[in-house]
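Comments concern the structure below.
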Amino acid sequence: MELEKVLLSRKSCRKFTDKAVELDKLEKVVVSASLAPLGLPRMCTPMLTVVTEKELLAGLKGIYDAPAVIIVSCPPSPAPGIGDQNAACVVEMMSLMATDLGLGNIYLYGVTANLQGDADMKAKLEIPENFTPLAALALGYGEEDVAVCKEFVNKLNVVRK
């Protein structure tokens, strides 16, 4: 798929089928995370937790019944906000790869907000105590095919001087 087509096809998916995501596709999505631009990569390298076990997925709130979720957690950073920015970059790279592979996906925040206050669930997911879940991506096959946008919709306020 060409980059422009991927960009125009990427859309948040909130209805997934029960079909499991193939391991080779999950691996490609995970590898794409390593291509994300990171700030302070030696000090604030994100950790990915790939969740596909139904029991663990059932314990995550706000995942739209997705068959796979990738949680991005970061260690403390000496620069405020770097972890959040790194997590966002990682999720964006993974969402673009997922779209290219024909997977529906949605950037999740609520699941990580809930995890931050749930030490038991963090332990079940083997997220180290000093790491904070900051972002997540739900993956799966959407109930509807995502079509390429026919026209660009300007969502940003752009000032040109």
> Given the structure, is Ala138 under 20 Å from Cys13 (Cβ atoms), modelled with pLDDT of 95 or more and surrounded by fewer than 20 Cβ atoms within 10 Å (Cβ to Cβ)?
Replying inline: no
> So which residues in segment 65-84 are at pLDDT below 95 and within 13 Å of the chain's Cα centre (by Cα)?
Replying inline: Asp84
> polar (S, T, N, Q) and not in a helix (DSSP H, G or I): does that describe Asn130?
Replying inline: yes
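The values are calculated or read from the model by the stated rules, or taken from the named source; none is laboratory data. As the structure is a computational prediction, the values presented were derived from the model and not from experiment. For neighbour counting, all protein chains shown are included, and Cβ atoms are generated from backbone atoms with ideal geometry for every residue, glycine included.
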